[in-house]
């Protein structure tokens with residue numbers, strides 16, 4: 001497992017959640033530092049029966 005955190009990007013009227021590699025590092029003027037880090041879109045799947053959610057970060061889920 002690789003440490004990372006979930007962040008929201010500004011794409012259109014609804015933000016998109018992404019996984020960012022590494023620990024959160026705050027910058028005074030710019031907020032979270034994400035430069036030069038791997039970023040992957042997050043896909044979440046829901047069970048129709050019980051509502052259980054599973055989330056995965058993968059390049060395969062990038063919007064086309």
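Quick notes
- GNM top mover of 22, 31, 51 - the chain, alpha-carbon springs below 10 Å: 51
- Of [x] 0.92; [y] 0.99; [z] 1.03, the label for Rg/Rh (Cα atoms, Kirkwood Rh) derived from the coordinates: [z]
- In the elastic network of the chain, a GNM with C-alpha springs shorter than 10 Å, the most mobile of 41, 13, 23 is 13.
- Choice from 54, 21, 33 with maximal GNM fluctuation in the chain (Cα, 10 Å cutoff): 54
Each value in this text was obtained by applying a stated rule to the coordinates, not by laboratory testing. These figures come from a predicted structure and were not determined experimentally.
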